[in-house]
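One structure is given below, encoded as structure tokens.
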Amino acid sequence: MLQIDGLRSFNVPGTHLAVVGYPIAHSISPIFQNAALQTMARQYADLADWTYHKIEAPVEELQQVIELTTSRGFRGLNLTLPHKVEVLPYLDRIDPVAKKMGAVNTLSFDSAGVTGYNTDGDGISRAIRHALEIGVEGRAVVVLGAGGASRAACVRFLEEGCSELWVGNRSLPRLESMLDHLRREYPGRAIHGFQSGLELPEPSEDALLVQATSLGLKPDDPLPADDQLLSRVAYVYDMVYGRKPTPLVRAALRLGKPASDGLPMLLYQGARSLEIWTGLPVPVEAMAKAVARHHGKLDNVSVAERKATP
């Protein structure tokens, strides 16, 4: 794991990539990204010297990290908490879809500067289709959270034609800011807000609940959704992931709701980032197998499939 002092003295030949966050020690992104690069290098020899790292840096060091990595052989970066929105002032260009999302999780470096993308939308869409075997077109979606990951998911769901979107958050000012942004981008669409923990949404039947907060990362975190909320939806997707199904996934399965945690999304958004950097198709199965070797079996469900069913 690199930190700002290590970046200042970084002088390793080759082409480099990294995920940047704070904290970042828990990240498994290097495990599956390096596995994909090794597999791809068998067919594309130019990738043989590509390596993916992780960099721990707080928000106040983010600009320095970008400046240092652009000058030290890095092709790009992934960004995780707390950098997805804070990075926006440091971009030379932003992908139109990422601009709608108001958040960036992928940086690509070239001679023209730093371009920001957001692959979270692609990741959540592919993960839901894979893990829950459903789409969102014509379906009501309830999203918990108003941060960068939530914004990306909401834009993707609206782009794919969800019938109505409910967004819940504890902080009303942040919720209203996000709702205002979405309503400007998608006028006339059914976009509703509610205060998490105090109000309940009233989605139409067959709704999908997407948990996009950090609740569940720590063992003593409260459940982001209680049984009353879970009873109002038909499917559950939790962006948080771990070695075992998250408490929210276990609660949903207990109520007979098909559910999945965030590992499929992590893999798919990572694959899309690698496609942006290399311009080549990415072997997601190699990524999943690497994580399976690292994580092992989860309640008799392999990480390669990661499909939570009652």
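The values are calculated or read from the model by the stated rules, or taken from the named source; none is laboratory data. Quick caveat, the model's predicted, so the values are computed rather than measured. All Cβ positions, even for glycine, are placed from backbone atoms using ideal geometry, and neighbour counts span all protein chains on display. The area values use the complete protein model at the heavy-atom level, side chains included, leaving out ligands, DNA and RNA. Shrake-Rupley method; radii C 1.70, N 1.55, O 1.52, S 1.80 Å.
Go through (1) at positive phi; (2) surrounded by 15 or more Cβ atoms within 10 Å (Cβ to Cβ) one by one and return the number of the condition ASP206 breaks.
With (1) at positive phi; (2) surrounded by 15 or more Cβ atoms within 10 Å (Cβ to Cβ) applied to ASP206, the lone miss is (2).
When the residues of segment 208-233 are filtered to those that are more than 17 Å from GLY145 (Cα to Cα) and within 24 Å of the chain's Cα centre (by Cα), which remaining residue is modelled with the highest pLDDT?
Among those that are more than 17 Å from GLY145 (Cα to Cα) and within 24 Å of the chain's Cα centre (by Cα), it is ASP220.
Please state which of the following conditions SER171 fails to meet, knowing it meets all the rest: (1) farther than 18 Å from LEU215 by Cβ; (2) small (Gly, Ala, Ser); (3) surrounded by fewer than 17 Cβ atoms within 10 Å (Cβ to Cβ).
(1)
Restricting to segment 177-207, what's the tally of residues that are within 24 Å of THR80 (Cα to Cα) and either part of a strand (DSSP E or B) or basic (Lys, Arg) (or both)?
Matching residues across segment 177-207 total 0.
Got a number for residues in segment 68-80 being crowded, with 16+ Cβ neighbours inside 10 Å and either free of Cβ contacts under 8 Å to residues at least 40 places away in the same chain or assigned to a loop (DSSP other than H, G, I, E, B) (or both)?
2
How do the pairs read when you match residues in segment 125-152 that are free of Cβ contacts under 8 Å to residues at least 40 places away in the same chain and outside any strand (DSSP E or B) with residues anywhere that are surrounded by fewer than 21 Cβ atoms within 10 Å (Cβ to Cβ) and of a type in the set (S, T, N, Q), using Cβ under 9 Å and keeping only pairs 6 or more apart or on different chains?
Matching pairs, first to second residue: GLY135/SER125; GLU137/SER163; GLY138/SER163; ALA146/SER171; ALA146/SER177.
Here is a list: ARG8, ARG42. Which entry is touching a residue at least 12 places away in the same chain (Cβ under 8 Å) and out of contact with any strand residue (DSSP E or B) (no Cβ under 6 Å at 6 or more places or on another chain)?
ARG8
Would you mind stating whether ALA271 is over 30 Å from ALA98 (Cα atoms), in contact (Cβ under 8 Å) with a residue 12 or more places away in the chain, assigned to a helix (DSSP H, G or I) and of a type in the set (A, V, I, L, M, F, W, C)?
No.
Please list, ordered by first then second residue, the pairs with beta carbon atoms under 8 Å, 6 or more apart or interchain, first in segment 90-117 and of a type in the set (Gly, Ala, Ser) and modelled with pLDDT of 95 or more, second open to solvent by 70 Å² or more (accessible area, probe 1.4 Å) and in a loop (DSSP other than H, G, I, E, B).
Listed pairs, sorted by first residue: GLY113/ASP92.
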